[in-house]
Amino acid sequence: MEKLYGIIGDPIGHSMSPVMQNDAFTSLGMDAHYQPFHIMRENLPTAIKGMKVLGVAGFNVTVPHKTAIIPLLDEVDPLAAAIGAVNTVVNIEGRFIGYNTDGEGFIRGLHEEYGQSVLDKRILIIGAGGAARAIYYTLGQQGAKQVDIANRTLDNALQLKERCPYLVETAAFTIEEAEKNLANYDIIIQTTSIGMSPKVNASPIQLTNIRSAAFLSDIIYNPAETLIMKEAREHGARVQNGMKMFAYQGALAFEKWTGTFADPKRMMKIVQERLG
Ligand code: ATR
């Protein structure tokens, strides 16, 4: 019988996950369908019950449900629990188990492009929201040595650091402080929504002091090149956008559901074609 997968969120109409995951099912000859479900905040508990009754085999979770879903699940993986956000749910014999593949997806995508281990590098994360937390804690879990955080609101960066359950050497900075220290970093990770379409003419930090040998990774993939990426390139730095992270978080979710690792390159191509 055809298995049903999906994604829940609000809004959900622009999500690239359905086209990406349905292509993976089809190309691997699997009898499954991945459906977007528009679920509003107040309907989340009912939606989860409904999905369980209907026997949905697995689903992704996006804004605004990544944190609110946690108490509604039967079990949550320790890393996802530490991050405080779930983006992937697997139905195992009627029990819903939550995972977070965003951080791991990011690190796989970064590693592929960077070409060497990222864990012993000096890393700066810009931003202290949900995406930053997933990346920072996953880097910590995997043994990264130095990961600093720069954020508009210093207190949010400090909280991120203090709540990290993994041993990482970390300093929290304001954006202004980080701008002065920027030459210290091998890798800079942009996790805020600044520069995202349609407000493409903005950057969260000035790159005057970036090293030409640095690598800048922006988790935004629309536009394909953000202002900060362009500026980093002009300083001689290597850059990447968030497309690989998106494909890898999807491939990792797909693997949790099916036991098969879908091809992230194919996933990326599908999304790129769709974005035009
Ligand atoms: P997400 O879950 O997608 O990471 P979020 O939790 O809303 O999003 O976090 C947004 C991040 O972008 C935060 O680091 C936020 O900084 P504050 O902690 O100071 O709010 C940052 N951010 C959002 N808008 C910003 C702006 N206009 N200037 C600077 N930083 C901004």
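The values are calculated or read from the model by the stated rules, or taken from the named source; none is laboratory data. For clarity, every value in this text was computed on a predicted model and none was experimentally measured. Please note: Cβ atoms are built from the backbone with ideal geometry, for glycine as well, and neighbour counts cover all protein chains shown.
Below is a table of values for the structure above.
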read-out: Exclusive hit being among the polar types (S, T, N, Q) and in contact with a Gly (Cβ under 7 Å, 6 or more places away or on another chain), set SER27, SER15; value: SER15
read-out: Output for the range 173-198, where each listed residue is assigned to a helix (DSSP H, G or I) and among the β-branched types (Val, Ile, Thr); value: ILE175
read-out: Looking only at the range 143-172, and only at residues there that are within 15 Å of the ligand (Cβ to nearest atom), out of contact with any helix residue (DSSP H, G or I) (no Cβ under 7 Å at 6 or more places or on another chain) and not in a helix (DSSP H, G or I), the one that is modelled with the lowest pLDDT; value: ARG163
read-out: Any hit, the range 190-210, residues being of a type in the set (D, E, K, R) and closer than 11 Å to ALA232 by Cα; value: no
read-out: For ILE188: the one exception among (1) surrounded by fewer than 20 Cβ atoms within 10 Å (Cβ to Cβ); (2) modelled with pLDDT of 95 or more; (3) within 15 Å of the ligand (Cβ to nearest atom); value: (1)
read-out: Number of the exception - ASN60 against (1) buried (at least 24 other Cβ atoms within 10 Å of the Cβ); (2) assigned by TED's automatic domain parsing to the domain that holds LEU158; value: (2)
read-out: Some residue of the range 114-129 being part of a helix (DSSP H, G or I), at pLDDT 95 or above and more than 16 Å from the ligand (Cβ to nearest atom); value: yes
read-out: Residue count, the range 66-80 (criterion: over 20 Å from ASN43 (Cβ atoms) and crowded, with 16+ Cβ neighbours inside 10 Å); value: 4
read-out: Residues satisfying the stated conditions in the range 100-113, i.e. farther than 22 Å from ILE205 by Cα and either out of contact with any helix residue (DSSP H, G or I) (no Cβ under 7 Å at 6 or more places or on another chain) or at pLDDT below 95 (or both); value: HIS111
read-out: The range 81-90, residues that are in contact with a strand residue (DSSP E or B) (Cβ under 8 Å, 6 or more places away or on another chain) and buried (at least 21 other Cβ atoms within 10 Å of the Cβ); value: VAL86, ASN87, THR88, VAL89
read-out: Scan of the range 203-230 for residues that are free of Cβ contacts under 8 Å to residues at least 60 places away in the same chain and within 16 Å of the ligand (Cβ to nearest atom), ordered by number; value: SER203, GLN206, LEU207, ASP218, ILE220, TYR221, ASN222, THR226, LEU227, ILE228
